[in-house]
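Below you'll find the structure, written out as structure tokens, and then a few comments.
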Amino acid sequence: MKDNKSKILQNLALVSQIGLSMALPILGGVYIGSFLDDKLNTGYIFLGVFSVLGIITSFISLFKITTKGK
């Protein structure tokens, strides 16, 4: 029973790590891009660039997490 509970907690931690490592870079990219566009008055250029960088970073992080155990 204790081993089963431990396995459930490990899986929950892994799912949480994957969720955070996907959401935070994307939200950070959107925030930084929006901030720079507002300060530099450039429309949506930086928002697009930093959003794409956040998405790429998220997928690289997801790849590293999923291949860590192999």
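Evaluate the following for Thr42: is it part of a helix (DSSP H, G or I) and of a type in the set (Ser, Thr, Tyr)? So Thr42 does not fit the description; no. Residues in the stretch 44-61 that are within 9 Å of the chain's Cα centre (by Cα) and open to solvent by less than 60 Å² (accessible area, probe 1.4 Å): Gly54, Ser58, Ser61. Listed by first and then second residue, the pairs linking a residue in the stretch 23-43 that is closer than 13 Å to Ser61 by Cβ and open to solvent by less than 80 Å² (accessible area, probe 1.4 Å) to a residue that is assigned to a helix (DSSP H, G or I) and among the acidic types (Asp, Glu), with Cβ atoms under 9 Å apart and 6 or more places separating them unless they lie on different chains, form an empty list.
The values are calculated or read from the model by the stated rules, or taken from the named source; none is laboratory data. Predicted, not measured: the structure shown is a model, and the values here were computed from it. Every residue, glycine as well, gets a Cβ built from its backbone with ideal geometry; the counts of neighbours run over all protein chains shown. Calculation scope for accessible area: heavy atoms of the full protein, side chains included, ligands and nucleic acids excluded. Shrake-Rupley method; radii C 1.70, N 1.55, O 1.52, S 1.80 Å.
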